[in-house]
1. Given the chain, what percent of its DSSP beta bridges are antiparallel, to the nearest 5?
2. What label, among (i) 56, 42, 33; (ii) 88, 43, 35; (iii) 63, 35, 34, belongs to Cα extents along the principal axes in Å computed from the structure on display?
3. Excluding residues on the same chain fewer than 8 positions from K9, give the lysines whose Cα lies under 23 Å from its Cα.
4. Once phi is turned into θ = phi - 60°, what whole-Hz ³J(HN,Hα) does the Karplus curve with 6.51, -1.76 and 1.60 give for every residue of the stretch 170-183, x standing for Gly and Pro?
5. Label-point separation (nm) for S26 and N240, each offset 7 Å from Cα along Cα-to-Cβ?
6. Once R0 is set to 41 Å, what does the formula 1/(1 + (r/R0)^6) return for the Cβ-Cβ distance between D159 and M15, expressed as a FRET efficiency to the nearest 0.05?
7. Only bridges with both residues in the stretch 110-257 count here: give the DSSP antiparallel percent, nearest 5.
8. Give me a comma-separated list of calculated 3J(HN,Hα) values for the stretch 56-67, in order, Karplus coefficients 6.51, -1.76, 1.60 applied at θ = phi - 60°, integers in Hz, x for any Gly or Pro.
Amino acid sequence: MDENIAILKGIGLTMYEAQAYVTLTSLIQATAFEVSEKSSIPRSKIYDVLKKLSEKNFIEIEDGRPLTYIVKSPVEVLSREKEKIDSEIDDTITRLTNVYENGMSQVQAPIWRIYGVEKIINQEIEIIKRAKTSINMRIGFLFEGEGEALAGALKYRKDLEVNILASPTCYINDEKFEIIEFFKENKINIQKADIPFVKVMICDSREMLHTYTKFSEDKRNVIPETAIGIWNKYEEIAKNYDDRFMNQLKKLKKKSKN
């Protein structure tokens, strides 16, 4: 199947409608007979197909004998359909996320293990997206691409209080990564601290994600395939960690002032 036709079918056109639209993009304007001839759509079907394309605002019909069918620009048509699909997907994400979070609240033991760097980073981004008031993090290391992903997610949440305590640097693929400098450049609140080789994200004092990984023998590089995240939604535990985090933050701020 032609790739263009497959895409058009994917956004809701029938096979004949997709074939007729693709054909008209090369003809620009044509009679029903001409579209039928070039697209191999049966003449008994072509008028109904073109009428449906007009109703879906993919083409225009010009009066005359015979009628003339004029294609609308693919940029106009497909941009409009893309916006519609994006909006529908966003609405679906919102609805299903509510269902998901309501379901999660019913689980008796809300602790899950997450394996793999990509899944861990995705979970961090999801936590940031649903945060209501605060994100606090202790960063002792970062995975490849994780700093950029976190900064990208946090820049859209200006409504949150964000605090990060971090080691100054870590190594990613034998390259030194300046953790403090990177987040400061992205205008994210961060402070230098003595953080071990672990990472913790705490959201609203209600949930937290601990991330662990093994390191190379020289303690420089993370070994990504060993990464594991512990996602914990016990509010009492998350609040306890958050209180300890805030106490450490206050002490560091007081010390820096002195």
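1. If we restrict to bridges inside the chain, about 75 percent are antiparallel.
2. Step by step, Cα extents along the principal axes in Å for this structure corresponds to label (ii).
3. K38, K45, K51, K52, K56, K72, K82, K84
4. My calculation for the stretch 170-183 gives 8, 10, 10, 6, 6, 9, 6, 10, 7, 4, 4, 4, 4, 6 Hz in order.
5. Taking the two extended label points, one gets 7.0 nm.
6. 0.30
7. 70
8. Per-residue couplings from phi come out as 8, 6, 9, 9, 10, 10, 9, 4, x, 10, x, 5 Hz.
Each reported figure results from applying straightforward, stated rules to the coordinates on display, with no laboratory input. Because the structure is a prediction, the values reported are computed rather than measured. Positions of Cβ are generated from backbone atoms using ideal geometry, with glycine treated the same way; all protein chains shown enter the neighbour counts.
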